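Have a look at the structure below before the remarks.
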Amino acid sequence: MNATASLLADTICRTVELGVTITDAAVADEFTHLFCSPATLDPVCAECGAAGRLRDHIQRRVTDLPIVGHPTRLHVRVPRFTWDNTECATRIFQQRMPSLAEPRAKTTRRCIRWILQRLAIDRTSVSAVAKALGLGWDLVNDLAVSETRTMVYGQPGHFDGVRVLGVDEHKWKHVRGDGSSSFVTVLVDLTPVVDGTGPSRLLDMIAGRSAKVFTEWLDARDQDFRDRVKVVTMDGFSGYHSAAAKAVPAARTVMNPFHVVHLAADKLTVCRQRIQQATTGHRGRGGDPLYGIRRTLNTRAELLTDKQKVRLFTAFTAHDAHAAVEVTYGVYQRLITAYEASGKREGKIAMYKLLRSIRTGVPKELPELAQLGRSLWKRHREILAYFDIGASNGPVEAINGRLEHLRGIALGFRNLKHYILRSLIHSGQLQNRINAL
């Protein structure tokens, strides 16, 4: 290949940034083969820093970025040197090429960056990336998780700046039986969301969902991290609450509004089902008044159509026993209204009054509402803290949704360690670190 053609090929393939220049090229099946030599000769010994004399060449084969959709292999003619310096233990050494690849690596440095970019930014599956590179799935996955492990756990700054911590459970695989091993605890940094500086980021995932695993994770962090955390948002699981109270006692815990409303909706459903069975002697069927409003009951009052409002009124007045459903429905709507208040102070006052009203003294004919009142009052400080802080687990739920998508494009996972690292690639906001590789 003449000098002009070599310069043109180097420019198109950007091989200069690898420290090599193209001397020849060939196509075999779906692969593009590029034959290269070092752009500059460097005969310096890494041990003693003295220059040696050329002995011979060896060929090193590495995978590089695809060219026009075809896998690429670089065949680099690496010079080897020798010398007679008896004071140096190295007798034969080859030229170092740090810009090209790690020692004994099968891919170039920029190829590893390209793999992570496809996984983190384009949300591509490992199998698709492996096919584009002409490599095996195992190798591509190992490269990705190894680099991610270094970027996350090998850099102490990964946990810096966390003041608002979100915690939730996540089902990472579906199994038969109790499925306790199929859950993980998800830790999310909500500080950028509260500050308005960016999206939330996945910090870590740990096997299990209990106070013990959350406490151990917090204890494993340094004291500066625990002192820095001022808010912990969570669902209604008391284990996370007790763990936060023990490990980060100075932090305020916030119960997520979604879970508060969802708990009330569950009690409303149980009440409707109980009254349905008591008045008709069977489960809901088409034509039953309460069964016909089962979805309408969970709709915010402001979003109801005139037809839906009439349907609710008809169902509530169809039988005297339906009053229990109507009362529970009213509490459910008042919960939503408190969260939708125009000001935080107004919302907090409305929520406090509501929780006080159902704390005790609820008629025995409303067992679901009484249970709801006791449950919410136990956590009333965490519920009311939302109005002071404004942080919620909404972004954590959003990340859970992204992880569901990840599990789908990967057709499931069997190795939890791989799943955690792949999740960090997918939702850990590592794009800047990946681009800097």
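Values in this text are rule-based calculations from the coordinates and carry no lab data. Small disclaimer: the values here were computed from a predicted structure and weren't measured. Cβ placement follows ideal geometry from the backbone for every residue including glycine, while neighbour counts extend to all protein chains displayed.
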### Query
Given the rule -39500 (n - 2.57) for each run of at least 4 DSSP H residues, summed and divided by the residues of the chain, what is its mean residue ellipticity at 222 nm, to the nearest 500 deg cm²/dmol?
-14500 deg cm²/dmol
### Task
Taking the Cβ of residue 277 as the centre, find all other residues whose Cβ is under 11 Å away and add up their charges (Lys, Arg: +1; Asp, Glu: -1).
+2
### Message
For the chain, set up a GNM with springs between Cα atoms under 10 Å and report which of 87, 404, 326 has the largest fluctuation.
### Response
87
### Among beta bridges that DSSP assigns inside the chain, antiparallel share in %, nearest 5
75 percent
### Gap separating the Cα centres of the stretch 358-376 and the stretch 72-130, nearest whole Å
67 Å
### Query
Cβ under 15 Å from residue 238's Cβ, residue 238 left aside: what net charge do those residues give with Lys, Arg +1 and Asp, Glu -1?
+3
### Summary
Per its Cα gyration tensor (rounded if a/c is under 1.5, else prolate when a/b beats b/c, else oblate), the stretch 3-106 is best filed as prolate
### Task
Pairs to check: 309/353; 171/344; 307/364; 267/353; 230/378; 171/417. Give those whose C-alpha atoms are more than 24 Å from each other in this structure.
309/353; 171/344; 307/364
### Query
Cα centroids of the stretch 246-311 and the stretch 402-437: how far apart, whole angstrom?
35 Å
### Query
What does the charge count near residue 367 come to, summing +1 for each Lys or Arg and -1 for each Asp or Glu among other residues with Cβ under 10 Å from its Cβ?
+1
## Note on the structure
The answer for chymotrypsin sites (Phe, Trp or Tyr not before Pro) in the stretch 268-360 that fall in a DSSP coil and have at most 15 neighbouring Cβ atoms within 10 Å is none
#### Entry: For the chain: rounded, prolate or oblate by the Cα gyration tensor [a/c cutoff 1.5]
prolate
